[in-house]
1. For the condition more than 22 Å from residue 196 (Cα to Cα), away from the ligand (no atom under 15 Å from the Cβ), in a helix (DSSP H, G or I) and in contact with a strand residue (DSSP E or B) (Cβ under 8 Å, 6 or more places away or on another chain), what is the one hit in 280, 284?
2. Can you tell me which residue among 36, 44, 53, 9 is polar (S, T, N, Q), within 25 Å of the chain's Cα centre (by Cα) and surrounded by fewer than 13 Cβ atoms within 10 Å (Cβ to Cβ)?
3. Scan the range 383-425 for residues that are surrounded by fewer than 18 Cβ atoms within 10 Å (Cβ to Cβ) and part of a loop (DSSP other than H, G, I, E, B) and jot them down.
4. Among the residues of the range 321-338, is any outside the structural domain of residue 161 (by TED's automatic domain parsing), outside any helix (DSSP H, G or I) and farther than 23 Å from residue 236 by Cα?
5. Residue check: is residue 280 crowded, with 19+ Cβ neighbours inside 10 Å, over 19 Å from the mean Cα position of the chain (by Cα), among the β-branched types (Val, Ile, Thr) and at negative phi?
6. Only one of (1) without any contact (Cβ under 8 Å) to a residue 40 or more places away in the chain; (2) buried (at least 24 other Cβ atoms within 10 Å of the Cβ) fails for residue 270. Which number is that?
7. Please indicate, with yes or no, whether at least one residue in the range 254-275 is closer than 22 Å to residue 82 by Cβ, among the aromatic types (Phe, Trp, Tyr) and in the same structural domain as residue 92 (by TED's automatic domain parsing).
8. Kindly state which strands (runs of 3 or more DSSP E) lie completely within the range 51-170 and contain at least 3 residues that are within 16 Å of the ligand (Cβ to nearest atom), farther than 28 Å from residue 24 by Cα and not assigned by TED's automatic domain parsing to the domain that holds residue 357.
Amino acid sequence: MDYSQFISSISAARQPNPVRISSKLAKKMSSVIMLSGGMPNPDSFPIKAASISLVDGTTLEIREQLMKRALQYCPTNGIHELLSWLEDLQMKLHNPPTAKYAPEKGQMKICITAGSLDGINKVFDMLLNPGDNVLVDEPNFPGILSGLRPLGCNIIKAPSDQHGIIPNALKEVLSQWRTDNVHKFQGKTLKFLYTVPNGGNPSGSSLTAERKKEIYQLAREYNFLIIEDDPYYFLQFGKTKAPSFLSMDVDGRVIRCDSFSKVISSGLRVGYLTGPAPLIDRVILHLQVSTMQASSFTQIIVLQLFEKWGQKGFLEHTDRVAEFYKKQRDAMLAAADKWLKGLANWYIPNAGLFLWIKIKGVSDTHQMVTGKALDRGVALLPGKGFMINGTEPCPYVRVSFSFASPDEMDQAFQKLAELIKEESE
Ligand code: 09M
């Protein structure tokens with residue numbers, strides 16, 4: 001694949017930052033006389049060691065030598081051992097066809113970022129010139145829409161239902177592009193489709209394997225990339241996990257965005273991109289001049305945890321987290337059934353954290369949510385902010401079942417029901 005056709009002019013102009021530590025140097029660090037790096041000497045740092053208590057009663061020990069690494073800069077794409085661990089994880093979960101490709105042909109490469117949104121935003125910067133076309137499903141996470149809008153791209157809706165993007169309807173949209181003059185629509189390039197394949201935020205929808213296959217075929221036919229933002233992958237409530245776009249990626253056209261925010265910690269800020277090396281390398285150039293790397297300290301904590309657990313232990317942990325949220329979801333659905341029947345509509349989410357509720361008889365929820373609902377002690381999010389055109393009236397609200405107790409959910413929906421009745425009178 002010719003990746004240069006997708007690269008923005010800003011990204012094309014990026015050059016390596018010559019002071020960043022190369023992976024080659026990182027491996028040799030203890031055996032060379034170090035005169036090249038402007039890294040501080042960790043012997044001058046005030047922190048010596050740490051002992052981190054886990055909820056299972058055991059501890060993670062970060063002793064002196066390891067702490068020196070944790071407090072020091074590390075290679076831009078991440079700490080070597082954590083990258084290897086993540087590579088094994090991606091092989092086990094997704095077995096990407098690109099794993100064995102030559103780097104320039106799109107070999108799978110991983111880069112750790114400070115949470116997934118940091119990586120996603122850098123992917124946008126890498127791919128978009130003003131006027132380029134992108135496809136996204138609607139509703140969509142405001143963090144994504146707010147990242148895309150200032151780049152001056154043309155955001156086009158990929159039609160969807162409760163199972164995510166509808167391949168036939170997407171084909172209809174795509175038919176505006178001519179396949180003999182691939183990816184030119186109104187003279188501009190279609191760069192990518194961005195989608196959340198599991199437990200969409202806020203829709204709660206999840207794409208089936210069948211739909212993913214069809215969408216991937218459309219990506220091949222119309223030559224666009226797929227950005228698979230999957231922070232709720234481990235929060236799938238069914239017995240089996242749906243195959244990812246990455247697992248189908250024979251061309252090297254998928255950039256997968258993973259996050260530990262929902263299963264390890266959101267505050268540690270550890271996410272990772274997996275995609276074709278020529279593209280991931282350009283994100284790395286951007287990181288070299290921005291965050292430089294995700295925090296070494298938090299990477300070391302995550303690595304220690306993973307080395308203690310092993311892959312099996314990690315997956316058992318994520319299953320327990322999914323089980324926790326499934327119970328939360330069920331409690332919220334019970335409260336919704338009790339109070340909101342006849343007043344609102346919703347679909348049952350099979351993954352993620354959200355219920356996307358359409359309120360009957362209220363054309364725009366913004367006033368109700370930010371005014372009376374908050375005054376009565378219930379915080380919801382108005383649907384408007386999740387729409388591509390964030391200014392039009394929207395009858396939806398997003399509610400999250402991550403935080404409230406079943407009792408609180410019950411009280412909140414009782415109040416919401418009262419409000420809806422008042423508002424629609
Ligand atoms: N609300 C998210 N979503 C959110 C939210 C959040 C503070 C975050 C999709 O790996 P991270 O932590 O960078 O994850 C970012 C991210 C990327 N993609 C689809 C997401 O849903 C996180 C943070 C307050 C509110 C927040 O509401 O939905």
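1. On the way: 280 fails: more than 22 Å from residue 196 (Cα to Cα).
Result: 284 is the single residue among 280, 284 that is more than 22 Å from residue 196 (Cα to Cα), away from the ligand (no atom under 15 Å from the Cβ), in a helix (DSSP H, G or I) and in contact with a strand residue (DSSP E or B) (Cβ under 8 Å, 6 or more places away or on another chain).
2. 9
3. 388, 389, 390, 391, 392, 393, 402, 403, 405, 424, 425, listed by residue number.
4. no
5. no
6. Status for residue 270: all satisfied but (1).
7. Scanning the range 254-275, I find at least one residue that is closer than 22 Å to residue 82 by Cβ, among the aromatic types (Phe, Trp, Tyr) and in the same structural domain as residue 92 (by TED's automatic domain parsing), so the answer is yes.
8. Qualifying strands (runs of 3 or more DSSP E): 133-137.
The values are calculated or read from the model by the stated rules, or taken from the named source; none is laboratory data. Bear in mind the structure is a predicted one, so any value in this text is a computation, not a measurement. Positions of Cβ are generated from backbone atoms using ideal geometry, with glycine treated the same way; all protein chains shown enter the neighbour counts.
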